[in-house]
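Below you'll find the structure, written out as structure tokens, and then a few comments.
Read-outs throughout are calculated quantities, based only on the coordinates presented, and are distinct from any laboratory measurement. Everything quoted here is computed from the prediction, not taken from an experiment. Cβ coordinates were reconstructed from backbone atoms using ideal geometry, including for glycine residues, and neighbour counts include every protein chain displayed.
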Amino acid sequence: MDTTLDTAIARVLPEIIELRHAFHEHPEIRYEENWTSGRIAAFLDEAGVPYERGLAKGTGIVATLGGDGPATVALRADMDALEIQEQTGLPYASRIPNRMHACGHDGHLACLCGALKVLAGHPGRLRGTVKFLFQPAEELEAGARHMVAEGVMDGVDAVFGLHGWPTVPLGRIALKPGWMMASADMFEIDVIGKGCHGADPASGIDPIVVAAHIVTALQTIAAREVNPVEPALVSVGAIEAGDASNIIPEVARMRGTLRAFDPDVFDAIRASVLRIAEGTAGALRATAAVRFGDEAYPALFNDPAMTAFVAETARDMLGEEGVAHLEKPIMVSEDFAYFLQKAPGAFFLLGVNPNPDQPYPALHSPYYDFGDGAVAVGVKLMASLVLRFLERA
């Protein structure tokens, strides 16, 4: 047990908890994290840690602690919130309508700020350089891609990140070597028919019926076109069409997501979505315009050696029962994958559920809260990963 580290964490924890509450009260969505970025900068100024602002379209920050050693390790936290109306009733609930830290990024930021404060207070223990990556726009817009393109990973030898996870008990972590999270892309399909009165459907081309056939046909991709042992999915999450009960509209729009791990499978799924949408629409006298995202999130690959290193560090902190190894990858996506493309590292799930016998609100739920209990564990684990990595480098 690192009693010096424990003492340092206990000393800064009240400040860090208060900081998390402030982040939670001021949620901001992708590339609009101006208040958050300013609050982080004020925290860094007070801590006396140098940093660079203005990254990733303006709100990203990289802070740096230099020590005596050749290696460089990076820690990352995401900053953005979601367009959700909070319903937790917490005293520090969101002050901004239709904005909420429903994915727990306020907790991720708190853990990173806490680790920075602890490490800044013990510069003599640093055997190298630490980069603290405060990244905007994890949700939907891949802020990590911009930060990587701007060189934040240049010279980095290892990178680590965490995500609060409601199905993992408080005081534990979960992780997996190799493929852990899926590659993902969004798609939008406009089905264009011919509008008419609902009493005379033969005079038009019903895009809603065509869209329904497309939705059904898309489900055959994973079921009949992909090897059954390969994880893959195509999900339609929204359909919008018309605004009157007796009018057949001209256009029906659907939005969805596709996910896989193998790059070839992913490319094949995209091609199938395009083929099925256009072909089904054409067979039913309509047309389909298919659009994909600007750039798909890559699948997240944890370096096996770094994953073992995280597990070893966590076991020393939390005990043998404190580390769970995921048997299968999960189909959510994370733009931390971009950082892992530049340096070996690992991404792990930090438990936030204080009562494993009771279900905890899911991520992206209006009732979700990262919780204060997980902050100390996250701070200690991130700080410990830095110290141990640099000592061994």
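Nearest 5 is fine: what % of DSSP beta bridges in segment 63-183 come out antiparallel, could you say?
Just about 25 percent of them are antiparallel.
For Lys131, what charge total do you get from the other residues with a beta carbon under 11 Å from its beta carbon, if Lys and Arg give +1 and Asp and Glu give -1?
Residues close to Lys131 contribute a combined charge of -2.
Quote the convex hull volume per residue of the chain, based on C-alpha atoms, as a whole number of Å³.
Here the figure is 149 Å³ per residue.
Against the longest principal axis of the chain, how steep is helix 263-283, in degrees 0 to 90 to the nearest 10, with axes from Cα atoms?
Around 20 degrees separate the two axes.
Can you give me the Kirkwood hydrodynamic radius for segment 79-165, using every pair of distinct Cα atoms, in Å to one decimal?
Across segment 79-165, the inverse of the average 1/r is 15.1 Å.
DSSP loop trypsin sites (Lys or Arg not before Pro) in segment 24-131 with at most 16 other Cβ atoms within 10 Å of their Cβ, which ones?
Arg95
Suppose each label sits 7 Å from its Cα in the direction of the beta carbon; what would the Ala283-Glu327 distance come out to in nanometres?
Label-label distance for Ala283 and Glu327, simple model: 3.8 nm.
Can you pick out the pairs among Lys57/Lys176; Lys131/Lys380; Lys117/Lys380 whose Cα atoms lie more than 23 Å from each other?
Exceeds cut-off: Lys57/Lys176.
Rounded to the nearest Å, what's the spacing between the alpha carbon centres of segment 214-279 and segment 352-393? Just the number, please.
35 Å
For Trp35 and Asp200, FRET efficiency with R0 = 56 Å and r from the beta-carbon atoms, rounded to 0.05?
0.55
Over the chain, what is the percentage of antiparallel beta bridges among all DSSP beta bridges, to the nearest 5?
Of all bridge pairs located within the chain, approximately 65 percent are antiparallel.
Give, as a single signed number, the net charge of other residues whose beta carbon lies under 14 Å from the beta carbon of Ile192, with Lys and Arg counted +1 and Asp and Glu -1.
For residues surrounding Ile192, the net value is -2.
Could I have the simple spin-label model distance between Thr64 and Ala149, label points 7 Å from Cα toward Cβ, reported in nm to one decimal?
Inter-label distance under the simple model: 2.2 nm.
Name the residue, out of Val118, Val73, Val236, whose mean-square fluctuation peaks in a Gaussian network model built on the chain with Cα pairs under 10 Å.
Val236
Distance in nm between label sites at Glu240 and Glu225, each 7 Å beyond Cα in the beta-carbon direction?
2.5 nm
Expressed as an acute angle from 0 to 90° and rounded to the nearest 10, what is the orientation of the C-alpha long axis of helix 207-220 relative to the principal long axis of the chain?
50 degrees
Given 0.36 nm per residue, what is the gain on full extension from Met186 to Asn98 after removing their alpha carbon distance, in nm?
Between Met186 and Asn98, full extension yields an extra 29.5 nm.
Per-residue ellipticity at 222 nm for the chain, helices alone: DSSP H runs ≥ 4 residues times -39500 (n - 2.57), over residue total, nearest 500 deg cm²/dmol?
-11000 deg cm²/dmol
Could you tell me the distance between the Cα centroids of segment 16-30 and segment 110-135, to the nearest Å?
When both Cα centres are located, 20 Å separates them.
Out of Ala252, His26, Ala182, whose Cα points farthest toward the positive end of the dipole of the chain (charges: +1 Lys, Arg; -1 Asp, Glu; placed on Cβ)?
Ranked along the dipole, the leading option is Ala182.
Please determine, in degrees from 0 to 90 and to the nearest 10, the orientation of helix 3-25 with respect to the longest principal axis defined by the Cα atoms of the chain, where the helix direction is its Cα long axis.
Result, in degrees: 40.
Which of Cys196, Cys113 comes first, and how do the rest follow, when ranked by fewest Cβ neighbours within 10 Å?
Cys196, Cys113
According to the square roots a ≥ b ≥ c of the eigenvalues of the Cα gyration tensor, what is the shape class of segment 164-291, taking rounded for a/c under 1.5, prolate for a/b larger than b/c otherwise, and oblate for the remainder?
prolate
For a quick check, take a GNM of the chain with Cα springs below 10 Å and name the residue from Trp179, Trp35, Trp165 with the largest mean-square fluctuation.
Trp35
For segment 278-370, which trypsin sites (Lys or Arg not before Pro) pass both filters: DSSP loop (anything but H, G, I, E, B) and at most 13 other C-beta atoms within 10 Å?
Answer by residue number: Arg285.
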